[in-house]
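Peer 1: Shown below is the structure under consideration.
Here, each number is a calculation from the coordinates, and none is a lab measurement. The model shown is predicted, which means the values in this text are computed figures rather than measured ones. Glycine gets a Cβ as well: all are built from the backbone with ideal geometry, and neighbour counts include every protein chain shown.
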Amino acid sequence: MTRTLSRRFHSAILLWMFLVFALVPGCVPKTVTITVFFTDTIRYATGGPPFEVAVSRKVNADANLPEAVLLEFFKGPTAEESARGYEAITDGFTGFSLLEIAEGIARVHLTGTCFSNGATYTIAQPLMKNLRQFEQVQYVKIFDQTGQTWEPDGPGNSIPACLEP
């Protein structure tokens, strides 16, 4: 008897919660679709640019969209996207600690340990593609885990020494 009442009570609470979230305007969080660019390793291997490929993600509508794109980039592609050859080239970086956008320049401070092994294609290309999709970003300055980049000031893109070929 107690179990039956407990189940009925649980069911009633779940039904009430569903009705509140489904019927009360503003209770269900709104989402927006963002575009995240990964590297198409098949195109890269065959030398057929563009190497970056766009995928869609849903994020909270209240999110800082450039930041949300970077967060999704560092989460990496889904299993289905990975099966298509999409990859998040990170060169040892694991995320970012700060993203500032001012006067057309995005400054992104990366975390993790940088190692590009002299590659000519690095995390810089997909990061720039991801950030420059936003109209407020004309240039991207990428800082390594020690806070270094070649050209920290002025217009123009910049990467840290560890990403140089």
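Peer 1: Given H placed on each backbone N at 1.01 Å, which residues far from ALA106 in sequence or on other chains put an amide H within less than 5 Å of it?
Peer 2: GLN138, TYR139, VAL140, LYS141
Peer 1: Amide H to amide H under 5 Å from GLY85: which residues, 5+ apart in sequence or cross-chain, H placed 1.01 Å off N in plane?
Peer 2: Amide H to amide H, under 5 Å and 5 or more residues apart or across chains, GLY85 pairs with nothing.
Peer 1: For the range 133-138, in order, what is each residue's ³J(HN,Hα) by Karplus, 6.51 cos²θ - 1.76 cosθ + 1.60 with θ = phi - 60°, in whole Hz (x at glycine and Pro)?
Peer 2: In residue order, the calculated couplings are 6, 8, 4, 7, 10, 9 Hz.
Peer 1: Going Cα to Cα from LYS129, which lysines come in below 21 Å? Please leave out same-chain ones fewer than 8 positions away.
Peer 2: Candidates past the 8-residue exclusion: LYS58, LYS75, LYS141.
Peer 1: Still on this structure: Fully extended, how many nm does the chain gain between ASP153 and ALA54 (0.36 nm per residue separation, minus their Cα-Cα distance)?
Peer 2: Computed gain between ASP153 and ALA54 is 32.7 nm.
Peer 1: Hey, rough spin-label estimate for ALA79 and ALA63, points 7 angstrom out along Cα→Cβ, what's it come to in nanometres?
Peer 2: Going by the 7 Å Cα→Cβ label model, 2.1 nm.
Peer 1: Kindly put LYS30, LYS141 in sequence by how many other C-beta atoms sit within 10 Å of each C-beta, fewest to most. Walk me through the numbers before you get to the answer.
Peer 2: Values: LYS30 8, LYS141 22.
Ranked by crowding around the Cβ, least crowded first: LYS30, LYS141.
Peer 1: Averaging the inverse of every distinct alpha carbon separation and then flipping it gives the Kirkwood radius. What is it for the range 31-157, in angstrom units? Let's see the in-between values first.
Peer 2: Values: mean 1/r = 0.0667 Å⁻¹.
Answer for the range 31-157: a Kirkwood hydrodynamic radius of 15.0 Å.
Peer 1: Another one. Could you work out the relative contact order of the range 31-157? I mean the mean sequence separation of Cα pairs under 8 Å and 6+ apart, divided by the number of residues, in percent.
Peer 2: Numbers: 217 pairs, mean separation 27.9, N = 127.
In percent, rounded to a whole number, it is 22.
Peer 1: Calculate one ³J(HN,Hα) per residue across the range 118-126 by plugging θ = phi - 60° into the Karplus curve 6.51 cos²θ - 1.76 cosθ + 1.60, and present them in order as whole Hz with x for glycine and proline.
Peer 2: With coefficients 6.51, -1.76 and 1.60, one gets x, 5, 8, 10, 10, 4, 4, 5, x Hz.
Peer 1: Still on this structure, I have one more. For LYS30, list the aspartates and glutamates whose Cα falls under 19 Å from its own Cα; do not include residues on the same chain fewer than 8 positions away.
Peer 2: Leaving aside aspartates and glutamates fewer than 8 places away in the same chain, those within reach of LYS30 are ASP62, GLU67, GLU72.
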